[in-house]
Amino acid sequence: MCATDQPRNSGCTRTCPPHCRAEPPTGGHYVKHRRIAKRRVAIAGAGIAALVAAGVTLQTANASEEPPQYTVKTLSATGAGKLASDLSSALGADAAGAYYDSKSKALVVNVVDEAAAQGVRKAGGKAKIVENSLAELKAVRSTLTDKATIPGTAWATDPVTNKVVVTADRTVKGDAWAKLEKVVGALGQKAELKKSAGEFKPLIAGGDAILSGGGRCSLGFNVIKDGVPHFITAGHCGQAGSQWTDSTGGALGTMAASTFPGNDFALVKYDDGVEHPSEVNLYNGSTQPITKAGEATVGMAVTRSGSTTQVHDGEVTALDATVNYGNGDIVNGLIQTTVCAEPGDSGGSLFAGDTAIGLTSGGSGDCTSGGETFFQPVPAALAALGAEIG
């Protein structure tokens, strides 16, 4: 790693993101009602029937807004994520996103017509008929990529509002802000523009400090690849071949692979003899065992551990976020949350109970004023690296 003011062409271990540290810790509208082909209804119905037969059941929740013949199931955030994935596959183009309602502990599924809504209800979810399909929102994201790729911006699909939410940090002003306003304004009710008080940066430092070349990141999760112990962290922390130590200077291992930008993950192979329990430091004398990796769900309560700010909680607000950190560093497919983070927390663990969810990538703000934070999904990183939690 390099110092905060190191130039990009200085020959240091890795181009240093702006937030790295050199020292150890740290109005209403009409709803469209689309027609759906009878064959497609039959296919979707068969898929839903299979889900019901498979027994995606738990306790029942109060569902007074749903037709009385249907029961809304009470689910954990992880269970809601599984049902959301299954329903997305069964409904196809008629599904328009989903989110977890933490108050009622139920899965809310956006759909484009009443036929699909009935399928959701049969499977135990809450159906919400919305105006914008996923295909329409995907087209919005493509427009933003083509016309508004501006450093300091991020966008993600928000299933709660059924819009693409575009966020600009404090560096976006003048002509750039005017351009962004014009592009987003032309998208009408499909997009919304917000302003962040902070600045989007990678957050260089689950949770323990790791150092290389004078810079600091945080360890994400311990994993196994080809039967050999490794750990994963953020890709912007370093490049393949870099050597890593703990906060006391003890050797940890060598970075075997690193991907940034595009994605933001890296794999470090442990040196022989280094202990590697599958757990996250809670900074209170205890740890959280990690047994598996899982997908995030909008509305899911999550916890982050990092070497600068230690442990903080928050909620997943969007998935598949695109963030432009500047200097050509654009990362796609990120999890957006309300969990705070600061410089030195990069690579650190985002988890829900014993489930690994994400690796800290970047964001704006701090743990005093708050802000937006973004995380590399762990399942995607593991799949790309050929590794598993362990």
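Tell me the GluC sites (Glu not before Pro) within region 247-330 that lie in a loop according to DSSP and have at most 14 other beta-carbon atoms within 10 Å.
On the way: sites: Glu275, Glu279, Glu295, Glu315; in loops: Glu275, Glu295.
Here the sparse-neighbourhood loop sites are Glu275.
Take every Cα pair under 8 Å in region 216-367 that's 6+ residues apart, average their separations, divide by the length, and report that relative contact order as a whole percent. Can you show the working numbers first?
Values: 379 pairs, mean separation 36.5, N = 152.
With pairs under 8 Å counted, the relative contact order is 24 percent.
Would you mind getting the accessible area per residue of region 130-273, heavy atoms of the protein chains only, 1.4 Å probe, in Å²?
So region 130-273 comes to 39 Å² accessible per residue, rounded to a whole number.
So what are the ³J(HN,Hα) numbers for region 355-372, from phi and the Karplus equation (6.51, -1.76, 1.60; θ = phi - 60°), rounded to whole Hz, Gly and Pro as x?
Whole-Hz 3J(HN,Hα) from phi for region 355-372: 10, 6, 10, x, 10, 4, 9, x, x, 9, x, 7, 8, 9, 9, x, x, 9.
Under a Cβ-only charge scheme (Lys and Arg +1, Asp and Glu -1), can you give me the dipole magnitude of region 219-369 about the Cα centre, in debye to the nearest 20?
Numbers: 4 positive and 16 negative charges, 30 e Å.
Its charge dipole is roughly 140 debye.
Which of the lysines could a cross-linker bridge to Lys195, judged by Cα under 20 Å and excluding same-chain residues fewer than eight apart?
Partners within reach: Lys147, Lys163, Lys173, Lys179, Lys182.
Per-residue counts of other Cβ atoms within 10 Å, averaged by peptide: what ranking do you get for 296-304, 76-84, 166-174, highest first?
In descending order of packing, they fall as 296-304, 76-84, 166-174.
Under a 1.4 Å probe, what is the accessible area of region 290-332 per residue, stated in Å²?
On the way: 1540 Å² over 43 residues.
Normalised by residue count, the accessible surface of region 290-332 is 36 Å².
Expressed as a whole percentage, what fraction of the accessible surface of region 291-390 belongs to carbon and sulfur atoms when a 1.4 Å probe is rolled over the protein heavy atoms?
Details: 1350 of 2890 Å².
Ligands and nucleic acids excluded, carbon and sulfur reach 47 percent.
I'd like to know which of Thr171, Gly119, Ala148 lies farthest towards the positive end of the charge dipole of region 119-222, counting +1 on Cβ of Lys and Arg and -1 on Cβ of Asp and Glu.
The one lying farthest along the dipole's positive direction is Gly119.
Using modelled amide H (1.01 Å from N, peptide plane; none on Pro or chain starts), what sits under 5 Å from the amide H of Thr74, excluding residues fewer than 5 places away?
Amide H neighbours of Thr74, under 5 Å, 5+ apart: Leu58, Gln59, Thr60, Ala61.
Per 5 Å bin, what percent of the C-alpha pairs of region 207-316 does each bin hold, from zero upward?
P(r) for region 207-316, in whole percents per bin: 2, 11, 21, 24, 22, 13, 5, 1, 0.
What aspartates and glutamates sit close enough to Lys128 to cross-link, taking a C-alpha to C-alpha distance under 16 Å and skipping anything fewer than 8 places away on the same chain?
Here the aspartates and glutamates satisfying the reach criterion relative to Lys128 are Glu65, Glu66, Asp94, Asp101, Asp113, Glu114, Asp158.
The values are calculated or read from the model by the stated rules, or taken from the named source; none is laboratory data. Quantities reported herein were computed from a predicted structural model and do not represent experimental measurements. Every residue, glycine as well, gets a Cβ built from its backbone with ideal geometry; the counts of neighbours run over all protein chains shown. Keep in mind that these areas ignore ligands, DNA and RNA; they rest on the heavy atoms of the full protein, side chains included. Shrake-Rupley method; radii C 1.70, N 1.55, O 1.52, S 1.80 Å.
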